[in-house]
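Notes follow the structure.
The values are calculated or read from the model by the stated rules, or taken from the named source; none is laboratory data. Predicted model only: the values in this text are computed from it and were never measured. Every residue, glycine as well, gets a Cβ built from its backbone with ideal geometry; the counts of neighbours run over all protein chains shown.
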Amino acid sequence: APGIPVANVKAHLARLQSIADANGGNRAHGSSGYQASIDYVKGQLDAAGFTTAVKEFNENGTTGYNLIADWPGGDAAHVVMAGAHLDSVSAGPGVNDDGSGTAGILETALAVSRAGLKPTKHLRFAWWGAEEYGMVGSRNYVNNLSADDRSAIDTYLNFDMIGSPNPGYFTYRHDPALDALFRDWFAARGISTEQDFEGDGRSDHAPFQEAGIRVGGLFSGADYIKTAGQAAKWGGTAGQPFDACYHAACDTNANIDDTALSRMADAIAYAIWTLSASGS
Ligand code: PHE
Ligand code: ZN
Ligand code: ZN
Ligand code: ZN
């Protein structure tokens, strides 16, 4: 897999920040900032040759939107999916939550296009709406899959907060093989990971997991406190949250650790390349 240029990921974050700035400071479900953000991400994917679809759903009388992007080719009966939520809370621009996952999978998708990747399996990327209202968009997507479409999804990978300013390196622990895939990638670079407990069941992988689809993902921490042991192995500040600006107005462009973001994005690309190349 190629390295993912962190400057490109940061450029997407800068765009998401300026879109929020121009739209009342956020991209919350139902807002103009959300619509403008969908337009930005979709425009990038369309220009790169993805087949995109904006899928509408309804939540409390407000229309929400998921953005689904398919990379043409690969075995449609074996789908590898990666997702991130595109909505923010209304308190702020949500650059780490979840601009980071949004930009990380967007740049991975663009890398797929640049490489002209011809995966064995079919690749699909998703940007979810209304995660902050309880994973509404992702749940709507899973609920509306036919039985065949559901069983065709071999793997769903979720990336929600991957650039926390006082970062941890957490892997989702639900599927041992996916956990090991990420753990080994980090271990080869001298970084020890821990299994995630903070985020359990609280992001868009939950509906997939409940539907019996195997799920994995990465997480750099939210409002849990970094321990002394974690600071010793990962750097940063013990006794402080992984992200002190979680769900706050200060979750801006300044609220990102570039090293964590860069490593996480490279690990996403590695997982996508590896999982989509295998026949099983
Ligand atoms: N989904 C939570 C939020 O957006 C945070 C979270 C991140 C939970 C990663 C689980 C895993 O606020
Ligand atoms: Zn959130
Ligand atoms: Zn989130
Ligand atoms: Zn989980």
*asked:* For segment 199-233, which positions are more than 16 Å from ligand 2 (Cβ to nearest atom) and acidic (Asp, Glu)?
replied: Glu210
*Would it be correct to say that Ala180 is free of Cβ contacts under 8 Å to residues at least 24 places away in the same chain and surrounded by fewer than 23 Cβ atoms within 10 Å (Cβ to Cβ)?*
yes
*Which one of Phe186, Phe182 is away from ligand 4 (no atom under 11 Å from the Cβ), closer than 14 Å to Ala271 by Cβ and more than 17 Å from the chain's Cα centre (by Cα)?*
Phe186
*Based on what the data block shows, is Arg189 out of contact with any strand residue (DSSP E or B) (no Cβ under 7 Å at 6 or more places or on another chain) and either outside any loop (DSSP other than H, G, I, E, B) or not small (Gly, Ala, Ser) (or both)?*
yes
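In this structure, is Asp154 in a strand (DSSP E or B), closer than 27 Å to Ala1 by Cβ, at pLDDT 95 or above and more than 15 Å from ligand 4 (Cβ to nearest atom)?
yes
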*asked:* Just to confirm my filter: which strands (runs of 3 or more DSSP E) fall fully inside segment 38-149 and include at least 3 residues that are of a type in the set (Val, Ile, Thr), without any contact (Cβ under 8 Å) to a residue 24 or more places away in the chain and more than 16 Å from ligand 1 (Cβ to nearest atom)?
replied: 51-59
*Output the residues belonging to segment 68-107 that are more than 20 Å from Tyr270 (Cα to Cα), more than 11 Å from ligand 3 (Cβ to nearest atom), of a type in the set (A, V, I, L, M, F, W, C) and surrounded by fewer than 24 Cβ atoms within 10 Å (Cβ to Cβ).*
Ile68, Ala76, Ala77, Ala91
*Selection from segment 233-251 of residues that are farther than 21 Å from Gly94 by Cα and either within 16 Å of ligand 4 (Cβ to nearest atom) or not in a loop (DSSP other than H, G, I, E, B) (or both)*: Lys233, Trp234
*Subset of segment 234-266 (residues that are buried (at least 16 other Cβ atoms within 10 Å of the Cβ) and either without any contact (Cβ under 8 Å) to a residue 24 or more places away in the chain or away from ligand 2 (no atom under 16 Å from the Cβ) (or both))*: Trp234, Gly236, Asn253, Asp257, Ala260, Leu261, Ser262, Arg263, Met264, Ala265, Asp266
